[in-house]
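What follows is one structure encoded as structure tokens, with my remarks underneath.
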Amino acid sequence: MLQSGFIQIYHKNTNAICAELNAGLLAPQACISPKFLYDGLGSKLFAAICELPEYYPTRTEALIFEQYRAEIARSTGRGSTLIDLGAGNCEKAASLFSALQPVQYVPVDISVDFLREAVECLRYRYPQIRVTALGMDFSSALELPDAVRSDKRLFFYPGSSIGNFTPEEAAAFLGRVRDACRADGGLLIGVDLIKDEGLLYEAYDDAIGLTAAFNLNMLQHLNRLLGTNFKPRDWRHVCQFNASESRIELHLEALRSVTVTWDDGERRFSQGERIHTENSYKYTPEKFLQLLERAGFAHVNRWSDPHGWFMLCHARAV
Ligand code: AVJ
């Protein structure tokens, strides 16, 4: 019998992370991956965003789970090895424990300290479930340690985190998930759908400024990771809908001309210049189902809310 445990895997060492950040900051159009939004504070801010009235994805997805719990459980089956990609505070998965009755729960997150804390609470609340937590970046490779059971793997990727990838990257990522499923595995995934632009702006530029804080906090995270001297006061949060790419974009825009320096680099940003920090793609159901098929999944069951704002899919690896 496997013991519960916490395993920290460094897919990228500090040098590789610095090289990635360095390249992003020096690119003509500066660009930093949204995974760097999630340090300890960033994960807390994101959990708070999920409680905002404007941020429809979390509550809409929760509504779908509530309404179709029995059907979803019939589709996924019980007794799975539940692998939660980007688990955060683990609350979404925990709310499904009684319906899905996983044999092993494997929360995976890049925000290691936040995950460690969440998992401690979880062990206390669900002492009967074997929890194997993985602190790792799963965006570029999905190598799971032997401590993760290989039968009945059910990958859980809720909240439309898939929207952070371009459709090309998403297809490749889903292909890697498909490979990690083995023969009898599957994927339970949440996808945000195309909707009225006004609702998107409200959700990604909320009235009390949580999303702005979440975005600006990335600068403090970069200061720690790379030794940059960003001052969040010099920047503002910008959210814009890119209709041709069907995605919400988050940027940080320089309020004045600033020169940012770090160990082995320097970059001058003129007033109004931006750092692209996140894409959040919105799909039509058809487009997304095509992606799943391209990745090698089949037998897709799907559920949606009455407005058609969000979709949950269970797809089988075949
Ligand atoms: C975690 C990627 C699903 O795109 O809606 C929320 C992140 N960014 N508000 C999203 C996010 C700004 C979120 N995902």
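The values are calculated or read from the model by the stated rules, or taken from the named source; none is laboratory data. All values reported here derive from a predicted model rather than from experimental measurement. Glycine also receives a Cβ, built like all others from the backbone with ideal geometry; neighbour counts cover every protein chain displayed. Only protein heavy atoms, including side chains, enter the accessible area calculation; ligands, DNA and RNA are left aside. Shrake-Rupley method; radii C 1.70, N 1.55, O 1.52, S 1.80 Å.
A compact table of results
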| quantity | calculated |
| --- | --- |
| Phi to ³J(HN,Hα) by Karplus 6.51 cos²θ - 1.76 cosθ + 1.60 over region 288-295, Hz, x for Gly, Pro | 6, 4, 4, 4, 4, 5, 4, 7 |
| Quotient of Cα Rg and 2.2 N^0.38 Å for region 110-167, N being how many residues it contains | 1.30 |
| Local electrostatic count, Ser270, Cβ distance below 15 Å [Lys/Arg +1, Asp/Glu -1] | +1 |
| Percent of Cα-Cα distances greater than 31 Å, calculated over the chain | 30 percent |
| For Arg130, distant residues with modelled amide H under 5 Å away | Tyr105 |
| Accessible area of region 148-227 belonging to carbon and sulfur atoms, whole % at 1.4 Å probe | 51 percent |
| Only Lys, Arg (+1) and Asp, Glu (-1) charged, at Cβ; the chain dipole about Cα centre in debye | 700 debye |
| Positive minus negative residues near Lys287 (Lys, Arg vs Asp, Glu; Cβ under 15 Å) | -1 |
| Surface per residue (accessible, 1.4 Å probe) for region 1-136, Å² | 47 Å² |
| Region 265-318 versus region 1-50: alpha-carbon centroid distance in Å | 19 Å |
| Overall form of region 54-167 per C-alpha gyration tensor (a/c, 1.5; a/b vs b/c) | rounded |
| Other-chain or far-sequence residues with amide H under 5 Å of Asn229's (modelled H) | Thr261 |
| Karplus-derived 3J(HN,Hα), 6.51/-1.76/1.60, for each residue of region 134-150, Hz, glycine and proline x | 10, x, 7, 8, 9, 6, 9, 8, 10, 9, 9, x, 4, 5, 8, 4, 9 |
| Estimated vicinal HN-Hα couplings, Hz - region 247-255 in sequence order (Karplus 6.51, -1.76, 1.60; Gly, Pro = x) | 8, 7, 10, 10, 9, 10, 10, 5, 7 |
| Residue-averaged [θ]222 nm for the chain, counting only DSSP H segments that reach four residues, each worth -39500 (n - 2.57) | -11000 deg cm²/dmol |
| Residue order for Cys90, Cys50, Cys121 - accessible surface, 1.4 angstrom probe, largest first | Cys121, Cys50, Cys90 |
| Cα gyration tensor shape of region 6-49, rounded if a/c is under 1.5, else prolate or oblate by comparing a/b with b/c | oblate |
| Per residue accessible area in Å² of region 240-318, where ligands, DNA and RNA are left out and the probe is 1.4 Å | 47 Å² |
| Cα gyration tensor shape for region 179-245, rounded if a/c is under 1.5, else prolate or oblate | oblate |
| Relative contact order for region 1-130, counting Cα pairs under 8 Å that sit 6 or more residues apart, in percent | 23 percent |
| Rounded to the nearest 10 Å², the accessible area of Ser280 at probe 1.4 Å | 10 Å² |
| Rounded accessible area of Phe46 (nearest 10 Å², 1.4 Å probe) | 60 Å² |
